[in-house]
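Asker: My questions all concern the structure below.
The values are calculated or read from the model by the stated rules, or taken from the named source; none is laboratory data. Note that the structure is predicted; figures quoted are calculated from it, not measured. All Cβ positions, glycine included, derive from the backbone under ideal geometry; neighbour counts span all protein chains shown.
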């Protein structure tokens, strides 16, 4: 049921070194790609069916194909390694254990889109990941895999690691580009899209770490090989991140379409003595699910049909000890904190969401306030500059949909009926 | 405070980019590596180097939470209080360590050794509750383990990160790493933690 490809060598002591990577055929795919016609590389990735692993699920090869060719302009590849969506924890272990697979993917992608300079935008709160990526880039330069005339093919590529400084919004691709240009990280109005006017107003591809890291295996094994994994429109394998009230949290690389029930069954289930209450399929910005959704196929279409989004495949699991109102309040506090302030529906709306949710959690609200909260959601959703504010609305609206009674209980009890100690992992120690 | 050597390092950082304004973020990290926070002197220097107004450097500096307006402790400790970590114990850890040290969010102990911050999701949710010290991972934390971490830090002997170098670097040392400079420690520590390897282990068992 599992299919480790990206994670296949993580259990080796030197998996993050260039020698550890080359031992498993590392950089052979890049050599193969650079011997191909660049358009053929784009076609291969299109044929594989690879879709973006950062949340939106846009076909990767199609994104590459949008870059205008022979336009006489510089082209850029920017890898989004700003992993910050609450619950999402796949790209950081990937880069810590195997940074070279990203570099190899970047060599291939840059060649395909005719970029001579590529960037990794890494979140700033992960010093050891920064060390590993930086060392991997240095080693790739030393080996002649980056810089001038790579592999002796006449192809040049500069690769720069850019390290962020703590701003969730920089995971939004146009805010990321503004940040990389040296400005406050605020989203841009689109169009123009980055494929036309991205970094320094030049044609730019922005891809997630996992998307680009998936490319070497596709080049090495072929589009047909990749197509055999996954479901009809969601091809290949991907990293699912299981966290929260489970017996054994962790990373699971599986073909798209696996279910939470299957993942729980193989990994030890919900923590002993408890039962599943709610979960996110792809981070806090994706509408929550409940125990009704254990058998939803975790692919782009399956999760969408069930009313949510596959997102980053960050499966955050909460058991019956968790107060859903407290959980959602904390998420909206996060979105308020991370709102960049550029547009009014988000800047003001997330502030009001926090006020309203606080009143809910502390029992100061009335039933009329619950309707007001939903009205507030309607006035934010789809009205802001980027998807951040939509993400803030998702947990509020979906939790009211599934747990309206729990909101009412806060109102009638005039306070939260839950004991927060019961949901910690060390309830005994605190008691 | 900045000498010729600093200026040479800053020039090398600027040279990584096609346009020099892009170097503003690593330069701010570099200023923190020398001063422990973003000083006015650092802002002036960056504005001269990049040929932009100092107000523009300040505008960028104040947008990003990792750039500090006041000196960090030698060991800057962040407790994740985003939903999943908070529910699983992050809130209890925060209360206990804040009370233990007698300091709140973005405050520093009187000896300048430890500062505390309530931090958002740090991409290690399979190791919740998570604590970061100078942006190194401390996985699966408890109130007691966090108190031990800050007590060790105050005595100059903090425990090693769970997934990181063998010895916890200082805030200034790690700010150099975030400026993109090599400290020679990339080979230290595990390739991956236990939770990262769970799926691979199960796959090898035929699942």
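Asker: Name the residues in segment B:1-36 that are loosely packed, with under 15 Cβ neighbours inside 10 Å and within 17 Å of residue B:56 (Cβ to Cβ), would you?
Answerer: Answer for segment B:1-36, where residues must be loosely packed, with under 15 Cβ neighbours inside 10 Å and within 17 Å of residue B:56 (Cβ to Cβ): just B:19.
Asker: All but one of (1) under 30 Å from residue A:334 (Cα atoms); (2) touching a residue at least 60 places away in the same chain (Cβ under 8 Å); (3) buried (at least 23 other Cβ atoms within 10 Å of the Cβ) hold for residue A:184, so report the exception by its number.
Answerer: (3)
Asker: A further question follows. Please tell me if residue B:112 is farther than 23 Å from residue A:421 by Cα, in contact (Cβ under 8 Å) with a residue 60 or more places away in the chain and outside the structural domain of residue B:28 (by TED's automatic domain parsing).
Answerer: Spelling it out, it is not the case that residue B:112 is farther than 23 Å from residue A:421 by Cα, in contact (Cβ under 8 Å) with a residue 60 or more places away in the chain and outside the structural domain of residue B:28 (by TED's automatic domain parsing).
Asker: A follow-up question, please. Can you confirm whether segment B:172-180 contains a residue that is at pLDDT 95 or above and over 30 Å from residue B:98 (Cα atoms)?
Answerer: Checking segment B:172-180: at least one residue is at pLDDT 95 or above and over 30 Å from residue B:98 (Cα atoms).
Asker: Among the residues that make up segment A:179-187, is at least one of them at pLDDT 95 or above, within 14 Å of chain B (Cβ to nearest Cβ) and farther than 22 Å from residue A:76 by Cβ?
Answerer: No: zero hits.
Asker: Residue A:2: farther than 30 Å from residue B:119 by Cα, in contact with a helix residue (DSSP H, G or I) (Cβ under 9 Å, 6 or more places away or on another chain) and facing chain B (nearest Cβ under 10 Å), yes or no?
Answerer: yes
Asker: Quick check: anything in segment A:148-161 within 8 Å of chain B (Cβ to nearest Cβ), closer than 14 Å to residue A:102 by Cβ and at pLDDT 95 or above?
Answerer: Checking segment A:148-161: at least one residue is within 8 Å of chain B (Cβ to nearest Cβ), closer than 14 Å to residue A:102 by Cβ and at pLDDT 95 or above.
Asker: Return yes when residue B:142 is surrounded by fewer than 24 Cβ atoms within 10 Å (Cβ to Cβ) and either in the same structural domain as residue B:26 (by TED's automatic domain parsing) or closer than 19 Å to residue B:32 by Cα (or both) and no when it is not.
Answerer: In short, no.
Per-residue answers, yes or no, for (1) in contact with a helix residue (DSSP H, G or I) (Cβ under 7 Å, 6 or more places away or on another chain); (2) buried (at least 24 other Cβ atoms within 10 Å of the Cβ):
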site: A:66; (1), (2): yes, no
site: A:70; (1), (2): no, no
site: A:76; (1), (2): yes, yes
site: A:83; (1), (2): yes, yes
site: A:104; (1), (2): yes, yes
site: A:116; (1), (2): no, no
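Asker: Right, something else. Of the residues B:61, B:33, which is in contact with a helix residue (DSSP H, G or I) (Cβ under 7 Å, 6 or more places away or on another chain) and more than 27 Å from residue A:392 (Cα to Cα)?
Answerer: So the residue among B:61, B:33 that is in contact with a helix residue (DSSP H, G or I) (Cβ under 7 Å, 6 or more places away or on another chain) and more than 27 Å from residue A:392 (Cα to Cα) is B:33.
Asker: Then there is this: Report yes if some residue within segment B:157-166 is facing chain A (nearest Cβ under 9 Å), farther than 24 Å from residue A:423 by Cα, out of contact with any strand residue (DSSP E or B) (no Cβ under 6 Å at 6 or more places or on another chain) and surrounded by fewer than 24 Cβ atoms within 10 Å (Cβ to Cβ); otherwise report no.
Answerer: So far as segment B:157-166 goes, yes, one or more of its residues are facing chain A (nearest Cβ under 9 Å), farther than 24 Å from residue A:423 by Cα, out of contact with any strand residue (DSSP E or B) (no Cβ under 6 Å at 6 or more places or on another chain) and surrounded by fewer than 24 Cβ atoms within 10 Å (Cβ to Cβ).
Asker: Let me spell it out: the conditions are (1) away from every other protein chain (no Cβ under 14 Å); (2) in contact with a helix residue (DSSP H, G or I) (Cβ under 9 Å, 6 or more places away or on another chain); (3) farther than 30 Å from residue B:130 by Cβ, and residue A:198 meets all of them except one. Which number is the exception?
Answerer: (1)
Asker: Determine if segment B:145-152 includes at least one residue that is under 20 Å from residue B:167 (Cα atoms), at the interface with chain A (Cβ under 10 Å from one of its Cβ atoms), surrounded by fewer than 24 Cβ atoms within 10 Å (Cβ to Cβ) and in contact (Cβ under 8 Å) with a residue 24 or more places away in the chain.
Answerer: no
Asker: Given the options A:384, A:398, name the one that is assigned to a helix (DSSP H, G or I), buried (at least 20 other Cβ atoms within 10 Å of the Cβ) and not assigned by TED's automatic domain parsing to the domain that holds residue A:184.
Answerer: The conditions single out A:398.
Asker: If you scan segment A:2-49, which residues turn out to be under 30 Å from residue A:75 (Cβ atoms), in contact with a strand residue (DSSP E or B) (Cβ under 7 Å, 6 or more places away or on another chain) and not in a helix (DSSP H, G or I)?
Answerer: Those that are under 30 Å from residue A:75 (Cβ atoms), in contact with a strand residue (DSSP E or B) (Cβ under 7 Å, 6 or more places away or on another chain) and not in a helix (DSSP H, G or I): A:5, A:6, A:49.
Asker: Sticking with this structure for a sec: Filter segment A:227-236 down to residues that are crowded, with 16+ Cβ neighbours inside 10 Å, in contact with a strand residue (DSSP E or B) (Cβ under 6 Å, 6 or more places away or on another chain) and on the phi < 0 side of the Ramachandran plot, then give me how many there are.
Answerer: Adding up the residues that qualify gives 1.
Asker: Among the residues of segment A:101-113, is there at least one that is at the interface with another protein chain (Cβ under 10 Å from one of its Cβ atoms), more than 28 Å from residue A:286 (Cβ to Cβ) and either part of a strand (DSSP E or B) or touching a residue at least 60 places away in the same chain (Cβ under 8 Å) (or both)?
Answerer: No, segment A:101-113 contains no residue that is at the interface with another protein chain (Cβ under 10 Å from one of its Cβ atoms), more than 28 Å from residue A:286 (Cβ to Cβ) and either part of a strand (DSSP E or B) or touching a residue at least 60 places away in the same chain (Cβ under 8 Å) (or both).
Asker: Restricting to segment B:16-35, count the residues that are touching a strand residue (DSSP E or B) at 6+ places or on another chain (Cβ under 8 Å) and either more than 7 Å from every other protein chain (Cβ to nearest Cβ) or assigned to a helix (DSSP H, G or I) (or both).
Answerer: The qualifying residues number 4.
Asker: Also, quick follow-up: Considering A:55, A:87, which residue is at pLDDT below 95 and either part of a loop (DSSP other than H, G, I, E, B) or out of contact with any strand residue (DSSP E or B) (no Cβ under 7 Å at 6 or more places or on another chain) (or both)?
Answerer: Matching residue, one of A:55, A:87: A:55.
Asker: Quick one: count up the residues across segment A:406-427 that are more than 13 Å from chain B (Cβ to nearest Cβ) and part of a helix (DSSP H, G or I).
Answerer: 8
Asker: So which of B:133, B:123, B:86 ends up being at positive phi, in contact with a helix residue (DSSP H, G or I) (Cβ under 9 Å, 6 or more places away or on another chain) and either crowded, with 22+ Cβ neighbours inside 10 Å or facing chain A (nearest Cβ under 7 Å) (or both)?
Answerer: The conditions single out B:123.
Asker: Quick check on this structure: which one of A:165, A:130 is part of a helix (DSSP H, G or I), within 14 Å of chain B (Cβ to nearest Cβ), closer than 22 Å to residue B:38 by Cβ and at pLDDT 95 or above?
Answerer: None of the others qualify; the one that does is A:130.
Asker: Kindly indicate which of B:196, B:186 is within 8 Å of chain A (Cβ to nearest Cβ), surrounded by 17 or more Cβ atoms within 10 Å (Cβ to Cβ), out of contact with any strand residue (DSSP E or B) (no Cβ under 9 Å at 6 or more places or on another chain) and closer than 22 Å to residue A:15 by Cα.
Answerer: Step by step, each of B:196, B:186 is checked, and only B:186 is within 8 Å of chain A (Cβ to nearest Cβ), surrounded by 17 or more Cβ atoms within 10 Å (Cβ to Cβ), out of contact with any strand residue (DSSP E or B) (no Cβ under 9 Å at 6 or more places or on another chain) and closer than 22 Å to residue A:15 by Cα.
Results for (1) closer than 30 Å to residue A:357 by Cβ; (2) within 9 Å of chain A (Cβ to nearest Cβ); (3) touching a residue at least 60 places away in the same chain (Cβ under 8 Å), shown as yes or no for each residue.
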{"residue": "B:66", "(1), (2), (3)": "yes, yes, yes"}
{"residue": "B:72", "(1), (2), (3)": "no, no, yes"}
{"residue": "B:106", "(1), (2), (3)": "yes, no, no"}
{"residue": "B:139", "(1), (2), (3)": "yes, no, no"}
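Asker: Please count how many residues of segment A:279-294 are more than 23 Å from residue A:387 (Cα to Cα) and in contact with a strand residue (DSSP E or B) (Cβ under 6 Å, 6 or more places away or on another chain).
Answerer: 2
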